[in-house]
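**Student:** Structure provided below as structure tokens; questions to follow.
The values are calculated or read from the model by the stated rules, or taken from the named source; none is laboratory data. These numbers were taken from a predicted model, which means no experiment stands behind them. Reconstructed Cβ throughout: ideal geometry from the backbone, glycine too, with neighbour counts over all protein chains shown.
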């Protein structure tokens, strides 16, 4: 793999993302592709929602400019375009969640049949041997992809959080032994990290970017979720896998825990899993008295900590059944801690629904 070409493509992806955001900010206001405060949205001022499309443009440039064989990443680009364009339409006009799910499943098809990135095994989760998906591999792949997409969509409720957690996940993936033997995955990781870094210039919760803030919108969160699902499946399946599926779950502990907690909470109340409320982990911390920057740092730290624990267990050849048990304990502790922080504030806003 040409390291110089990878670096040049990554640098180009970063520059295109930043330049595109600057260029599209005025256009966003003209076509009403903006986010306005009100209801559950407590940000200040009207903010352009162009981060998703700009990250896509950066990623497409980075991949297209690479002087090497893209292989299955050609199919990634097709799927990413479909996912992001649908997200843009949703950001502007609001699409029924059923339509979004159908489109997200369609986007899975180039991955599954074109690039042959398929979820074939859950791993040896119970110490009885690998749990193979067999004829249900496309259904299992869909569960992983749709789960990741919606996990990052739910996480995208705080400046910098979804992008920051995704960036930490990608950086941890770079530490996987043998990654150089997966050139397509390595290239995609580096390109995605570059475009996210470019977006965070406008979205990280720091004072210096207050005048140029930008949101990623559903276009961005679905793109990140789909991209990470692609990588998690690529790196944890087949004879050349670099880690077990449960290790990939460790790398995404914060969004996966938030997704499971949210769905369980809503279903227990007889509500749709898509019913909006203020019970996400970041909401609990905000209502507990943390400011936006503190929540960002806390959950970024959790993402780095849990990901590191998972990779450490993996490198120590810990049985996957024990990794799974340890993950459940860790996820439970994360939820308990966030709820405990919220309850310390008697004036905290009650989660709706």
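**Student:** From the list 85, 50, 117, exactly one residue is at pLDDT 95 or above and more than 30 Å from residue 249 (Cβ to Cβ). Which is it?
**Tutor:** 50
**Student:** Residue by residue through region 87-99, note down the ones that are over 20 Å from residue 63 (Cβ atoms) and in contact (Cβ under 8 Å) with a residue 24 or more places away in the chain.
**Tutor:** Matches in region 87-99: 90, 91, 92, 97.
**Student:** Going residue by residue through region 260-270, is there one that turns out to be more than 18 Å from residue 123 (Cβ to Cβ) and assigned to a loop (DSSP other than H, G, I, E, B)?
**Tutor:** Within region 260-270, one or more residues are more than 18 Å from residue 123 (Cβ to Cβ) and assigned to a loop (DSSP other than H, G, I, E, B).
**Student:** Show the residue pairs meeting these rules: Cβ distance below 8 Å; 6+ apart or different chains; first residue within region 29-48 and over 18 Å from residue 282 (Cα atoms); second residue at pLDDT below 65.
**Tutor:** From region 29-48, the pairs are 35/41; 35/43.
**Student:** Which residue pairs have Cβ atoms closer than 7 Å, lie 6 or more positions apart in sequence or on different chains, and pair a first residue in region 204-220 that is free of Cβ contacts under 8 Å to residues at least 40 places away in the same chain and at negative phi with a second residue that is surrounded by fewer than 20 Cβ atoms within 10 Å (Cβ to Cβ) and part of a helix (DSSP H, G or I)?
**Tutor:** Filtered contacts from region 204-220: 209/201.
**Student:** Kindly indicate which of 285, 305, 334 is assigned to a helix (DSSP H, G or I), surrounded by 14 or more Cβ atoms within 10 Å (Cβ to Cβ) and touching a residue at least 60 places away in the same chain (Cβ under 8 Å).
**Tutor:** Within the list 285, 305, 334, the selection yields 334.
**Student:** If I ask for residues that are closer than 19 Å to residue 180 by Cβ, surrounded by fewer than 24 Cβ atoms within 10 Å (Cβ to Cβ) and touching a residue at least 12 places away in the same chain (Cβ under 8 Å), which ones from region 238-264 would you list?
**Tutor:** Answer for region 238-264, where residues must be closer than 19 Å to residue 180 by Cβ, surrounded by fewer than 24 Cβ atoms within 10 Å (Cβ to Cβ) and touching a residue at least 12 places away in the same chain (Cβ under 8 Å): 238, 240, 242, 243.
**Student:** Quick test for you: out of 79, 30, 59, pick the one residue that is at negative phi and modelled with pLDDT under 95.
**Tutor:** 30
**Student:** Being crowded, with 20+ Cβ neighbours inside 10 Å and touching a strand residue (DSSP E or B) at 6+ places or on another chain (Cβ under 6 Å) is the requirement here; does residue 226 meet it?
**Tutor:** Answer is no for this residue.
**Student:** Going through region 106-127 one residue at a time, which ones are exposed (fewer than 15 other Cβ atoms within 10 Å of the Cβ) and either touching a strand residue (DSSP E or B) at 6+ places or on another chain (Cβ under 6 Å) or in a helix (DSSP H, G or I) (or both)?
**Tutor:** First pass over region 106-127, keeping only residues exposed (fewer than 15 other Cβ atoms within 10 Å of the Cβ): 106, 113-114, 116, 126-127.
Within region 106-127, 106, 113, 114 meet the criteria.
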